[in-house]
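One structure is given below, encoded as structure tokens.
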């Protein structure tokens, strides 16, 4: 069985992600393409949105796609830091067959920085790579890096031919934080979800909880298996507004966040 694995923060999922998935699936080489939002990030300085929001943007974007394109919460529920090499190991261990082949779908920026990944040498011996070119001006550098990795680790590498879309999650968030519309950068269902739920509207309030963010992530992880996705999103909405009110009324932000997040869990 051959599987493509597309991991990332997806904060939020945008049109470039969708184009990567569609282009990879169109190769016709995979029985499954698994989209997997990250759980607890190894990058401690990254305050990603809590998982239910990120998972929902993926779910909405993919809901009408081929049944072979799957959304997984494997890394979200894993009780520890999410490293790709460990995720691949768990997927292979859980497979009913030893003949599971996994190719990682990544952007060319990730290919050029792959030496920074945790246990990257082991990872490159375990998976193949499907690389979406994000910057055509770097094609020579990308091809050189692909050939070097392929020779050194015997890694299968395919350069994905697709129309480059100059969109990043950072660009989407910056537009929203600046009061601009990001609808043209997002699948319509994702744009509606973000606008209706004001996902990024309380970023300045949340910044006061940077030292507590890992704690909140772990609380969300604890209740994840016990709530429907609808209730998870509702819990984050209540949490964000609780923090907003707490800041206005000078109440402890951490207590407000915990009360809002866990109010359906009690």
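The values are calculated or read from the model by the stated rules, or taken from the named source; none is laboratory data. None of the values given here were measured: they were computed from a predicted structure. We place every Cβ from the backbone using ideal geometry, glycine too, and count neighbours over all the protein chains shown.
Tell me yes or no: at least one residue of the range 92-109 is over 20 Å from residue 130 (Cα atoms) and at pLDDT 95 or above. So that I can check it myself, show each step before the final result.
So in the range 92-109, the residues over 20 Å from residue 130 (Cα atoms) come out as 93-98.
After this cut, where a residue has to be at pLDDT 95 or above as well, the list is none.
No - not one qualifying residue is present in the range 92-109.
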Verdict on residue 254 being closer than 20 Å to residue 76 by Cα, in contact with a helix residue (DSSP H, G or I) (Cβ under 7 Å, 6 or more places away or on another chain), surrounded by 15 or more Cβ atoms within 10 Å (Cβ to Cβ) and touching a residue at least 40 places away in the same chain (Cβ under 8 Å): no
Count - residues of the range 222-251 that are crowded, with 19+ Cβ neighbours inside 10 Å and over 14 Å from residue 198 (Cβ atoms): 3
For the range 159-178, state whether one or more residues are in contact with a strand residue (DSSP E or B) (Cβ under 8 Å, 6 or more places away or on another chain), over 21 Å from residue 41 (Cα atoms) and assigned to a helix (DSSP H, G or I). no
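Residue-by-condition table, conditions (1) surrounded by 17 or more Cβ atoms within 10 Å (Cβ to Cβ); (2) touching a residue at least 60 places away in the same chain (Cβ under 8 Å):
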| site | (1), (2) |
| --- | --- |
| 56 | yes, yes |
| 64 | no, no |
| 67 | no, no |
| 72 | yes, no |
| 77 | no, yes |
| 80 | no, no |
| 90 | no, no |
| 94 | no, no |
Going through the range 27-68 in order, the residues found to be in contact with a strand residue (DSSP E or B) (Cβ under 8 Å, 6 or more places away or on another chain), modelled with pLDDT of 95 or more, under 16 Å from residue 8 (Cβ atoms) and in a loop (DSSP other than H, G, I, E, B) are 38
Which one of these is assigned to a helix (DSSP H, G or I) and either outside the structural domain of residue 24 (by TED's automatic domain parsing) or touching a strand residue (DSSP E or B) at 6+ places or on another chain (Cβ under 9 Å) (or both): 147, 152? 147
When the range 179-195 is checked residue by residue, the ones that are within 21 Å of the chain's Cα centre (by Cα) and either part of a helix (DSSP H, G or I) or farther than 24 Å from residue 134 by Cβ (or both) are 183, 184, 185, 188, 189, 190, 191, 192, 193, 194, 195
